[in-house]
Ligand SMILES: [Zn+2]
């Protein structure tokens, strides 16, 4: 339990609100944020996968809002005063954690909403250190990169760990709105079943793949790679804004040539320029591997969701690993 979470739990417990939420009629109407009877639970999630997981569990019993707008890359996003107000008005706040949403602690401190149920969906999951392993492989041992690696927040891209994130959300909604426990449990179970099927499809795909290495734009696929015994070679670090140095680029080109990598993956919300440079250098093609940090308008128009995008990722990886 990180100190912030501990503090939040302590505050909630001290205030006697651990089980407060929608329809808690016996609570004093001390603030205008107390939900009126019949109001839906107000859930605020940070960026796309958290929003979708929350929606799947909530079904019809909560209004779920995403803070990071569609098509916006979440690594550098910061909340506006209006976003802070949205959090202040909510019953449940859901975020990924692991350093992706670095603004969360400040934002929660300034909302002064003591009833807010805060859910860090990676709580209890042991997070990987940056991408040091992959980078060492690509850049040579003992090479100093001159920067510290943070924790890798990209947990949602592993269909197995994503199930734990869904369970965290389920537990929080049940606690905040016990009247609809049955619905939340049923919704979560149905969605977890879809994630299990996705996991099985990845296992099957990787078991017959010719190659285990893939080159991506930023180090978003570390958990996915670990789950299925693959090796991710990132051009950038944990955030897509980190530009690779010329020396790193040379190492990546060398790695790609040595491992017969014929596809360089880029992503939808970031400029593909660096990926295209690397691809051109080794005569490879580029393709999309989507880290699901947000959906583009096009993806939304196609009604793509987490499962749909992950199935496209599976197909893209399958093609690249078998060239
Ligand atoms: Zn990322």
For a test of the definition: using alpha carbon positions, the gyration tensor, and the 1.5 limit on a/c, classify region 219-313 as rounded, prolate or oblate. prolate
Log10 I(q)/I(0) at q = 0.14, 0.19, 0.23 Å⁻¹ for region 241-292, from Debye over equal alpha-carbon scatterers, is -0.33, -0.62, -0.88
Please report, to two decimal places, log10 I(q)/I(0) for region 52-137 at q = 0.13, 0.20 Å⁻¹ as given by the Debye formula with identical point scatterers on the Cα atoms and no solvent. -0.51, -1.07
For 123, 218, ascending order of other Cβ atoms within 10 Å (fewest first) is 123, 218
So how far, in whole Å, is the C-alpha centre of region 74-103 from the one of region 185-257? 26
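Every number here is computed from the coordinates shown, using simple stated rules; none is lab data. Computed from a prediction, not measured in an experiment: that's the story for all the values here. Positions of Cβ are generated from backbone atoms using ideal geometry, with glycine treated the same way; all protein chains shown enter the neighbour counts.
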